[in-house]
Amino acid sequence: MPNEQDIYLLDQLKAGDSEAFAYLYNKHRKWLAVAAVSILKDEADAFDLIQDFFSDFWQKKLFLKIQAPYNIEAYLHQCIRNRCLDSIRRRQVAKRRNNDLVVGMAEHYTPENRMETDERRQQLSNALEAAIQNVPAQSAKVFTLTYLQNKSRAEVASEMGISPNTVKNQLVRAIKILREKLKNI
C-alpha cells in the first residue's frame, strides 16, 4: 500500500519543489550513509557517493523513475547499493589494470635499466599527450575519462550527457587516431 507521505513528497519533487528535496535529503542521508559505509568500508567514499547520488537525484530528476507503490526508502536504498557495488567494481578493474601494468613493467624492470625505464615512461607519456592533441575534443575527453581516469562507459555517458553508444563510438574513433599517431613508438 502506498505511503501517503511518499506520494505527496514525489508530487512535490515532480513540481520542482526544492524544499521537498531538502526534506528528503535530510531525512534519508544518514541511514543511506550508514548503508554505504557498510558496503564500501570507507567513510569518505561513502559520503562522496551519497552526495553524488543526491546531486544526480535532483539534477537528473531520478525521482521520476520511482514507480508505484511509491516506496521512496526502498528506491533510495537500492540506488545507493547499486552505486556502491559499481564503485567496488570500478576499483577492482582499476586495481587489475594497475597490477597488469606493474607485472608487465616488472618483467622488463631491473635496477640497471631503471633510468632507461623512467625515461621511456616519460617519453611514452609525452607522446600520448601529444597524440591526444590530434584527437577531436569529444573523443579525447571520452578517452581520457575512460582510460586515464578509469571511468566506465556508463559513467562517462552520464558525466558528458551523451548516450553510452556515443561513448563507444567516440572511444573507437580516439583509439584509431591514437594507434595511427603512436604506431612508431
Checklist entry - If R0 is 35 Å, what FRET efficiency do you get for Ser163 and His77 from their C-beta distance, rounded to 0.05? => result 0.80
Checklist entry - Working out 0.36 nm times the residue gap between Glu19 and Glu4, then minus their Cα-Cα distance, what length gain in nm do you get to one decimal? => result 3.6 nm
Next on the checklist: Could you compute the net charge surrounding Tyr70? Neighbours are other residues with a C-beta less than 12 Å from the C-beta of Tyr70; K and R count +1, D and E count -1.
Outcome noted: -2
Checklist entry - DSSP H helices in the chain with Cα extent of 18 Å or more along the helix axis and mean Kyte-Doolittle hydropathy at least -1.0? => result 18-40, 43-59, 72-108, 164-182
Checklist entry - Tell me, what is the percent relative contact order of the stretch 4-88, built from C-alpha pairs under 8 Å that lie six or more residues apart? => result 37
Checklist entry - How many nm separate the modelled label positions at Asn126 and Asp48, each set 7 Å beyond the Cα in the direction of the Cβ? => result 3.2
Item to check | Cβ-Cβ FRET estimate between Asn98 and Ile185, R0 fixed at 30 Å, reported to 0.05 | outcome: 0.90
Checklist entry - Taking a threshold of 32 Å on the Cα-Cα distance, which of the pairs Lys41/Lys183; Lys141/Lys183; Lys30/Lys65; Lys95/Lys141; Lys30/Lys95; Lys14/Lys41 fall above it? => result Lys41/Lys183; Lys14/Lys41
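A short reminder: the numbers here are calculations on the coordinates, not readings from a lab. The model shown is predicted, which means the values in this text are computed figures rather than measured ones. Neighbour counts run over all protein chains shown; Cβ positions are idealised from the backbone, glycine included.
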